[in-house]
Amino acid sequence: MTKNAKIIIGAIVAVVIIGGIWYGAGRKPAPIETEKEPIKIGFIAPLSGEAASYGEFVVKAFKLAIEDYNSTHKNLNFEVIYEDGKCDGSQAVTAINKLINVDKIKYVIGGLCSSETLAMVPVAESNKIILFSPGSGSPDITNAGDYIFRNLASDDYTAKEIAKIAIRNNDKEIGLITENLDYPQTLKKAFKDYYTSQGGIIKLDETFNPGETDFRTIITKAKFQNVNQLYLVAQTYKTTALILKQMKELNYNPKLYTNEVTVSEEALKYYDSSYKGLVEGAIFTQPKFDESNPMASDVLAKFKEKYGSNEGPIPPVYIATYYDSVYLLGEAIEKVGDNPDKIKDYFYTVKNWEGAVGKFSFDQNGDAVTDVEAKTVKNGEIVSF
């Protein structure tokens, strides 16, 4: 290389360096796009005990939603800590305290059982964290607190609707057999209050304790008193199966009004053929859910592809409510930030939100503005009433 060539190359390098310094002094380098730290949320449902099958069902829906949300939202991802509420208030309180104090959680999805949710309310309120239940129906939740929300119809609505049907069917006398737990007793109270207000007569009102296996005394009493219409509500369909079996053995076959737990797809498969006929014609109510709406059908198709079936111990509307809970929370955080007070205020403004469960709104109490529908069993299949 000649001397002149070296001089020219050196001059070019100097210009590039000086130009780079000048350009850098006038402009900051472009930031490197990085994903934010995931936001931790807690999840509480019965993962063990008698109600575990319900908890496992909704966990599947929730996990599906988390996977879908995280895969499509780069700026906001969720990390979930799962805790077992066991459908028990004291256990749920232990779980939420652990999530708040150890895991520093500000948002909890749960519970499924109303006993879980109601027990957690004071903890959530005092710590000013969001408690969002996609599965609890107790009317007591309506006025529970400012930080408490749910996207499922109150049991007060569903039980009152079944009472209306009984009155319209001119079934003016009825017997009640219910389990002594929050969920069945909530349904019974709502049913009984409306039914008697319309002139209905309660001929029998029997409760049984959890763990009971011999119902022959109650059934014999109902049969002896000529109770031909019966409102039967247990916490699980396995308990109902024992009752139905003993009703069959005692040749007692009343017209049944019941709940979504007694007559689910999973329950009908569980019941033995020797007594399954007792639920033929049974009438029950559940939160209204249009499985044909595009978002619902998409979610149900994903659920079925991932888990093999949409059938479970509770209706598929719970797939939708648990799936939607992730997107409702995610949308709120995206719009107003990671702050429970701002999320709370935002939720109260949610109206006609489009989700898998259909158009959805929160009312002034954080309750779902939604509807219920009646179903019955015809030829062994669940159909609209």
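Every test in (1) touching a Lys or Arg at 6+ places or on another chain (Cβ under 8 Å); (2) assigned by TED's automatic domain parsing to the domain that holds Ala61 is passed by Asn143 save one, and that test is (1).
Assessment of the stretch 235-257 against the conditions (on the phi > 0 side of the Ramachandran plot and assigned by TED's automatic domain parsing to the domain that holds Thr186) yields at least one matching residue. Of the residues making up the stretch 76-93, those that are surrounded by fewer than 21 Cβ atoms within 10 Å (Cβ to Cβ) and among the small types (Gly, Ala, Ser) are Gly89, Ser90.
Table: residues versus (1) buried (at least 21 other Cβ atoms within 10 Å of the Cβ); (2) part of a loop (DSSP other than H, G, I, E, B).
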site: Thr117; (1), (2): yes, no
site: Pro122; (1), (2): no, no
site: Gly137; (1), (2): yes, yes
site: Asp146; (1), (2): no, yes
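With respect to being touching a residue at least 60 places away in the same chain (Cβ under 8 Å), in the same structural domain as Asn77 (by TED's automatic domain parsing) and surrounded by 18 or more Cβ atoms within 10 Å (Cβ to Cβ), Tyr318 fits the description. Please tell me if Ile243 is under 25 Å from Ala51 (Cα atoms) and touching a helix residue (DSSP H, G or I) at 6+ places or on another chain (Cβ under 8 Å). Here the answer is yes, as Ile243 does meet what is asked.
Within the group Ile314, Ile319, which residue is under 23 Å from Tyr270 (Cα atoms), within 14 Å of the chain's Cα centre (by Cα), at pLDDT 95 or above and of a type outside the set (Asp, Glu)? None of the other options fit; the residue is Ile319.
Selection of first residues in the stretch 330-341 that are in contact (Cβ under 8 Å) with a residue 40 or more places away in the chain and of second residues that are assigned to a loop (DSSP other than H, G, I, E, B) and of a type in the set (A, V, I, L, M, F, W, C), restricted to Cβ pairs under 8 Å at least 6 apart or on distinct chains, gives the following pairs, ordered by first then second residue: Gly330/Leu76; Ile333/Leu76; Glu334/Leu76; Pro340/Ile129. Within the stretch 135-154, does at least one residue satisfy the condition of being free of Cβ contacts under 8 Å to residues at least 40 places away in the same chain and β-branched (Val, Ile, Thr)? The answer is no, given that none of the residues of the stretch 135-154 is free of Cβ contacts under 8 Å to residues at least 40 places away in the same chain and β-branched (Val, Ile, Thr). Here Phe284 fulfils each of the conditions (1) on the phi < 0 side of the Ramachandran plot; (2) not in a strand (DSSP E or B) apart from (2). Residues that are among the hydrophobic types (A, V, I, L, M, F, W, C), under 22 Å from the mean Cα position of the chain (by Cα) and assigned to a loop (DSSP other than H, G, I, E, B) within the stretch 327-385 comprise Val350, Ala356, Val357, listed in sequence order. Take the stretch 221-236 and flag every residue that is in a loop (DSSP other than H, G, I, E, B) and either under 26 Å from Ser264 (Cα atoms) or in contact (Cβ under 8 Å) with a residue 40 or more places away in the chain (or both). Scanning the stretch 221-236 gives Gln225, Val227, Asn228, Ala234, Gln235, Thr236. Residues that are part of a loop (DSSP other than H, G, I, E, B) and aliphatic (A, V, I, L, M) were ranked within the stretch 237-278; the one that is surrounded by the fewest Cβ atoms within 10 Å (Cβ to Cβ) is Leu250. The set of residues from the stretch 270-299 being free of Cβ contacts under 8 Å to residues at least 24 places away in the same chain and farther than 26 Å from Gly175 by Cβ comprises Ser292, Pro294, Ser297. Just give me the residues in the stretch 95-115 being buried (at least 22 other Cβ atoms within 10 Å of the Cβ) and part of a loop (DSSP other than H, G, I, E, B), in sequence order. Within the stretch 95-115, Ile105, Gly110, Gly111, Leu112, Cys113 qualify. For the stretch 288-309, filtered to residues that are out of contact with any strand residue (DSSP E or B) (no Cβ under 6 Å at 6 or more places or on another chain) and closer than 25 Å to Ser138 by Cα, the residue that is surrounded by the fewest Cβ atoms within 10 Å (Cβ to Cβ) is Glu291.
The values are calculated or read from the model by the stated rules, or taken from the named source; none is laboratory data. On a predicted model such as this, the values are computed, not experimentally measured, just so you know. Here Cβ is always computed from backbone atoms with ideal geometry, including for glycine, and neighbour counts include all displayed protein chains.
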